[in-house]
1. Restricted to Cα positions, what overall size does chain B have along the principal axes? Three whole-Å values, descending.
2. Mind checking which of A:226, B:105, A:205 is farthest towards the positive end of the protein assembly as shown's charge dipole, using Cβ charges of +1 (Lys, Arg) and -1 (Asp, Glu) about the Cα centre?
3. Counting pairs of alpha carbon atoms under 8 Å apart in space and at least six apart in sequence, what relative contact order in percent does segment A:7-53 give?
4. Determine ³J(HN,Hα), in whole Hz, for all residues of segment A:160-166 in sequence, where each value follows from phi through the Karplus function 6.51 cos²θ - 1.76 cosθ + 1.60 and θ = phi - 60°; x replaces Gly and Pro.
5. Which one of A:45, A:17, A:31 is farthest out on the positive end of the charge dipole of segment A:7-53, using unit charges on Cβ (Lys, Arg +1; Asp, Glu -1) and the Cα centre as origin?
6. Determine the dipole magnitude for the protein assembly as shown: charges of +1 sit on the beta-carbon of Lys and Arg, -1 on that of Asp and Glu, nothing else is charged, the reference point is the Cα centre, and the result goes in debye to the nearest 20.
7. Around residue A:48, under 13 Å between beta carbons, what's the net of Lys plus Arg minus Asp minus Glu among the other residues?
8. Can you give me the long-range amide H partners of residue A:196? Hydrogens built in the peptide plane at 1.01 Å from N, cutoff under 5 Å, separation of 5 or more residues or another chain.
Amino acid sequence: MIPGAFEYHRPTSVDEAIALMSQHGDEGRVIAGGHSLIPMMKLRLAEPGHLIDLRDLDSLRGIQPAGRCIEIGAMTTQQEVAVSELLAEACPILREAALLIADPQVRYCGTLGGNVANGDPGNDMPAVMQCLDASFVLRGPQGEREVRARDFYEAAYFTARAEDELVTAVSIPIPPAGHGYAYEKLKRKVGDYATAAAAVVLTMSGGSCESASIALTNVGQTPLFAEAAGQALVGTKVDEAAVARAVEAAKDIAEPVADMRGPEEYRTHVTGVMVRRAVERALTRARA
Amino acid sequence: MTDATEMTQEEREATLGGIGCARKRKEDIRFIQGKGNYVDDVKLPGQVFGDFVRSPYAHARIKSIDTEAAKAVPGVLAVLTAADLKPLNLHWMPTLAGDTQAVLADEKVHFQNQEVAFVIGEDRYAVSDGIQAVEVDYEDLPVLVDPKQALAEDAPVLREDVEGKDNVGQGLRTHPNHIFTWDVGDKDATEKAFSSAAVTVKEEIFYQRVHPCPLEPCGCVASMDPIKGELTLYGTFQAPHVVRTVVSLIAGLPEHKIRVIAPDIGGGFGNKVGAYPGYVCATVGTIVLGRPVKWVEGRIDNLSTTAFARDYHMTGELAADSHGRITAIRVHVLADHGAFNAHAQPTKWPAGLFSIVTGSYDIPAAHIEVDGVYTNKAPGGVAYRCSFRVTEASYLIERMVDVLAQKVGLDKAEIRLKNFVTPEQFPYTSCLDWEYDSGDYHTALNKVLEAVDYRGLRREQEEKRRNGELMGIGIATFTEIVGAGPSRNCDILGIGMFDSCEIRIHPTGSAIARLGTKSQGQGHETTYAQILATELGIPSDDITVEEGDTDTAPYGLGTYGSRSTPVAGAAAAQAARKIKAKARKIAAHMLEVGEKDLEWEVDRFKVKGLPEKAATMKEIAFAAYQNLPEGLEPGLEAVNYYDPPNFTYPFGAYLCVVDVDRLTGEVKVRRFYALDDCGTRINPMVIEGQVHGGLTEAFAIAMGQELTFDETGNIQGASFMDYFLPTAVETPVWETDFTVTPSPHHPIGAKGVGESPNVGGVSAFSNAVVDAFAHLGVSHMPMPHTPWRVWKQCAALGIGE
Ligand SMILES: Cc1cc2nc3c(=O)[nH]c(=O)nc-3n(C[C@H](O)[C@H](O)[C@H](O)COP(=O)(O)OP(=O)(O)OC[C@H]3O[C@@H](n4cnc5c(N)ncnc54)[C@H](O)[C@@H]3O)c2cc1C
């Protein structure tokens, strides 16, 4: 449980950080809260030669409204996400999901940027971001670009981010007022990654569903945007038949691996249960 | 001598902080300030570090080990392999069970993460780099992780080193992968009872492989003084004196040149009883290098290599008459001991005290057979917070009684009340020859049933069942057997399992007591002081209790199997009584009366009929160094070595209520009521703490802990990512209660309690989960009751969607 040797860098500007990243290529690794990276380093599953610590980059911290979006700096901690009044008001699913991540110690260190950049299918925020149709702001030597969360994840630990790009912020379109939301996560204990989890955001109008978006955590190589599951609800009263179709559509795309949380069959089944519960709870919260 | 203006008798009694008082723990002053002194806090001048190269394979031949690159890593001082230990004859070591275990893999590895080489370096970083640089060439061999397959005719031979030996220490072997058969009870009588029984039940009951997982893992610092030729070994030892003897025998050092110190220990639960390769390698390292060598295992090492618990494949059978009166029990166990037979039990007991399996019930006939088997898994088989194999036995009988109740259609409380040993039968000799010292099982269970409104709960369950909801009520009425033990039937490596206490009273009336046990969190510094306070009339605050240093403490067999209070606690009381006998002589001299004219009151000897004429223990202590009767030697000290006449038999009645989510398989413990009877209660708060801790571990075992292996022998779940250690969030609320049935043979009537809650708890949880499904015809479900397993049961019954 002792990491290999590495050089430590602490850039004071985003440009400096990006320069260090391009200089060191695949030998370099940025470190944010360290709560995914350090455990991997201690097991020597990650052995970066250069650690580029982002902690001095104050410009990457903070939660601000930006037009019809909210922008959250990559170095904002999960704790800050959980207690933000702005988010509680405008996008409360983030608070609900943040509080289901790990435990307070981890949340005080772990960052939102690290959580979405990590690429571990167990992370909770990626599916929430897919559900919200958020984009990640990436900056590299070539400049800045935005990638939708729904296009970002390629395989476990592989994302659309280039080696020398930094996630600087997450940009979240503010969901319509009166939307219903829920993040349902089944886990074995506090601090555990999901056996299966589902994020749901929906809007209702005149008793029928106007929009619905569903995404899944830890039941595939990447977070899964369950587009068909959401579509199954749109235009319905979100009645039993519609919910059952959404559940089936979500289960159809789930491809969990068997692990100590349970065999595939079980994890697929509870994916459905989480989707059902999240939809039902979101519905009770939605203003008709 | 004493003026009458002082405190009343009650006030004096209260100031003592003696037996029965819920005083705070003396040791917590340092623990809550972060000032404990654990092995990893030991930092000696010139100290270096060592750690292991471990095998990625579960079964493989070692073709070569290249240590050159590792030796070239800056800071690496030495790399030891079996070849280096061989000339010292230290490449193998004896186990407590009569087998041998490889210290460093000798030609073959037998389980994943087995110790292959030991790298020593200036710091932990150099050591880790060195470990990575050692190159081992393996040729993998077929792996056996299932003990049934291990006994197949054509199974690969695991232990080539003992091939052809018909005995490896605990009985005759019948197969190259077989270790022993242990057979007790009356086979014919049992068979007869079964063939004539109105009802019989049979169930396959597997008690999964778990790990005690103390918060502090195992470790040591070995330090050789080359000038004096003295070895000091600091370590996480539950039994430091035994370690000294073992080190002397293994390393060939004279025992007086070895000092073993167990500093503060962060939990043991059986994991820290055995001797591990790390201790041997650190010792060799310090001898070779002349510098102290520290070895502290990591969490994965702890969970995957130092002693596990259980892995018992049990087949239980009960015979009964048509009214549910049990007439016989038959058990067969396939005991998976892993790669080496290194379980920690009294040497003569290959299945520990498993024959307590008749439990709290008056069963006329029993027969038990246990077969030990080698597999490609880590060695061990320790008693994880239970007396030797008692939780296995208790789990079996408590489950089987439920199975029988369901078969004959009896209520699960009623079948117990019907089969209990009755109060008049004590001392009760079981058909497997244990003499239960005292008990009152009916009172205990009835008290619990009333406290929880058992009938009301069953009514609620009926209603829930009608609505398709799953609610379970689990009862466990266990009997423990603790306090190993009488030397006539218990020894470790030939040493009787007595324990000891030495007391010195200082002239000003305070005292120090040293004992042969070793607390790992049990609160000995407090509870022993309380026993002595009541016995000696000295406030427990004025008594220092010390354990764990073999240079100062009297020889004892250590702390495990809830033996400290039954054995060392008794030694403390007996030593105190020796002191009191001498104190009486001194008091008689001081008060100028005959010894017979004196009577004891709280903290003093009084002259009968003249209450104002008295000598306090404090005054007597001073006199012991200055004002003695003719012919009496000065000082006030005593030693007692206590060989218990019998075990003690704590018992209890637990009741657990669960609700099951049939869609996710999650089980919610709604209520847990635990009544314990541990005889005389020394410190109710400490007992409460022990019960809470034991129940929490029982909850962990029943609901989540398991170490499994894939077919190539990769261990799964051996880190905190998976291994279930409940936090305050998951842990149910515990309600505790008690009855007091003192042990008739123990000097203060105490029985030991640390392990009862684990023994009783596991079955209570499991019984509750199965009970939730009982109306659907389910009689048993495998532990641990993780959501996916419980859901699989739902799915099989068609209620999982
Ligand atoms: C006990 C425990 C339990 C946990 N449970 C959960 C859980 O239930 N749910 C959950 O979602 N997470 C969980 N985590 C992980 C935790 O949330 C991490 O904090 C998070 O995954 C990573 O954030 P970090 O800031 O710590 O990133 P780091 O660990 O520092 O980095 C993670 C990875 O992301 C990269 N990275 C970080 N920031 C950036 C950036 N701005 N741009 C580009 N790349 C970047 C790093 O190079 C690294 O590869 C748990 C962690 C622990 C230790």
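1. The Cα atoms of chain B stretch 84, 73, 49 Å along their principal axes.
2. Among A:226, B:105, A:205, the one farthest towards the positive end of the dipole of the protein assembly as shown is A:205.
3. Reported relative contact order: 56 percent.
4. Coupling constants for segment A:160-166: 6, 6, 7, 3, 9, 9, 10 Hz.
5. A:45
6. It comes to approximately 1400 debye.
7. That works out to -3.
8. Under 5 Å from the amide H of residue A:196 lie the amide H atoms of A:186, each far enough along the sequence or on another chain.
Readers should treat all values here as calculations from the given coordinates under stated rules, not as data from a laboratory. Owing to the predicted nature of the structure, the values given are computational and were not obtained by experimental measurement. Reconstructed Cβ throughout: ideal geometry from the backbone, glycine too, with neighbour counts over all protein chains shown.
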